[in-house]
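This report refers to the structure that appears directly beneath it.
No value in this document is a laboratory result; all are computed from the given coordinates. Bear in mind the structure is a predicted one, so any value in this text is a computation, not a measurement. Here the Cβ is made from the backbone with ideal geometry for all residues, glycine too, and neighbour counts use every protein chain on show.
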Amino acid sequence: MLKVDRNGAIIEFAGDSETLKKEIGTLMLALCGEAAKQSKDAALDIYMSYLKTLAGIARYLRFKHHINVEKFLEEHLEEDKKEPEIPPSVSKELDEAIETFFTSLDELIEKKKKGDK
C-alpha cells in the first residue's frame, strides 16, 4: 500500500517496501510469462496494461498531490548508476596468500581431473 505525505511530497510503501517491490516484479513476470504461453500479443497486452496503470498512478500523484514522480525516478536512476564500493582489503599480503591458495587449489583440481596424483 502506498503512503503519501501531501505536505512533504514523500511517497512510501507501507510495510516492507523491498519485499513488496520484489513481489510485484515477480507477479508481473509470472503474469506476462503465463500470457506468453498463449501468445506474444497477450503478454504484451498485460505488460502495456501494467505500464498504463503505473502512468495513471504517476499522473494522479502529480495532479492531486503535486508530487513530481519524474524527479523521484531520476534520483533512483542516479543511485543505480553509481558503482558499488569495493571494501578495502585487510592487507596486500593476505590478498596474495589467498590468491596463491586458490591458484594452487585450481591446479590440484586440474591434476585430479587428468588422473595425475
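Worth pointing out:
- 31 Å Cα-Cα threshold exceeded, pairs from LYS21/LYS71; LYS22/LYS82; LYS21/LYS92; LYS22/LYS113: LYS21/LYS92; LYS22/LYS113
- Amide H within-cut-off set for ILE67, under 5 Å, with H built and near neighbours excluded: ARG62
- Once the chain from SER39 to LYS21 is taken as fully extended at 0.36 nm per residue, the excess over their C-alpha distance is 3.8 nm.
- Electrostatic bookkeeping for ARG62 treats Lys and Arg as +1 and Asp and Glu as -1; over the other residues with beta carbon under 11 Å from its beta carbon, the sum is +2.
- The Cβ shell under 11 Å around CYS32 holds other residues with a net charge of 0, Lys and Arg each +1, Asp and Glu each -1.
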